[in-house]
């Protein structure tokens, strides 16, 4: 499978032979045959570095696990996080004390959840996992929405996420949950990374050529700073100030700083809460869990036990779960902008749950509707 390059069973799970069987099955692909196949961010590049995955034979994870490592504080990053959260507390005070216009609050809530699709349907499911393919207009839209969130450029985010999945729950995991809630939540951004993380970030660049080959990803990476300044700061501050005469200070504090900080923390919760508190119906041997509250806040990204078992599934959960991002992708699939949607079959899911789950799994009430474009199982 084309996603075998970077989605493999995490080292922490490799001893579970009984659970590895389910990962070898091919997913069902909901394919739109009316869309012409063309090279984009989802295409495996022929005769390029992406054809070869950096070998793990020279990477001794045990050596790194045994290494004594004392992380150092990255003071500029820590100061930025402290300032963002302090100003956001002030922003919440302004809201509670009724010093902010209702339209500004509604605009911030709308922006948080609209831009969130740039993370969930964009940099996560599309670019990191290649769980579906997207035509140029949708990729441009997702890149813009992701830039509004301000969470680094697409290439850097997706590379880190691929490292996270390949080396989950090891020292090579950028936000290794074994180091505690606060490290997984925000500490990994303000501390120097473990040498194993640095090593794997470099090693996996070869398998990420598909990302930089996409002109949308490439241009967003090149122009990230001016795009960040325009889409994450200037425009959100300008709209409330100009359109309904919000004060400039309030607009800056609420529509930029508070909104930006809330967006960051929603994303952080997937790394922390969704790896600690919840049930494990699909694989009890990993730390990722099903967390409905995180899914509600993060547009469907909290069904994390499912996601770590079937990372290439564009839904990141079974049907019937709260997953607005899946509905978003399905909508654009109907328009023909999203296609080749990869999804695990009910048989694959139930089989994995019976073998490896914690006993909390239940068969879905309704199977996925049949489509004339479905591949035969």
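Expressed as a whole percent, how much of the Cα-Cα distance distribution for the range 249-328 exceeds 17 Å? The partial results should precede the final answer.
On the way: 1500 of 3160 pairs.
Percent of Cα pairs beyond 17 Å in the range 249-328: 47.
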Of 331-337, 345-351, 288-294, ordering from highest average Cβ density within 10 Å down gives 288-294, 345-351, 331-337
From the Cα centre of the range 83-162 to that of the range 198-273, the distance in Å is 6
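Just round it to a whole percent: the fraction of Cα-Cα distances in the range 169-273 exceeding 20 Å. It would help to have the intermediate numbers written out before the result.
Details: 3325 of 5460 pairs.
Tail of P(r) above 20 Å: 61 percent of Cα pairs.
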Mean separation of Cα contacts under 8 Å (at least 6 apart) over the residue count of the range 64-153, i.e. the relative contact order in percent, is 25
Shape descriptor, the range 216-285: equivalent ellipsoid semi-axes (Cα gyration tensor, sqrt 5λ, whole Å, largest first) stand at 34, 19, 8
So, relative contact order of the range 125-177 in percent, Cα under 8 Å, 6 or more apart, is 26
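Can you order the peptides 224-232, 126-134, 352-360 by their average number of other Cβ atoms within 10 Å per residue, highest first? Don't jump to the answer; show the numbers that get you there.
Details: 224-232: 15.6, 126-134: 26.3, 352-360: 17.6.
Top of the packing list down: 126-134, 352-360, 224-232.
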Per its Cα gyration tensor (rounded if a/c is under 1.5, else prolate when a/b beats b/c, else oblate), the range 214-360 is best filed as prolate
Given 315-328, 160-173, the highest-first ranking by average Cβ count within 10 Å works out to 160-173, 315-328
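Read the figures in this text as sums done on the coordinates, not as results from a lab. Values in this document were obtained by computation on a predicted structure and should not be read as measured data. No Cβ is skipped: glycine too gets one built from the backbone with ideal geometry, and neighbour counts run over all protein chains shown.
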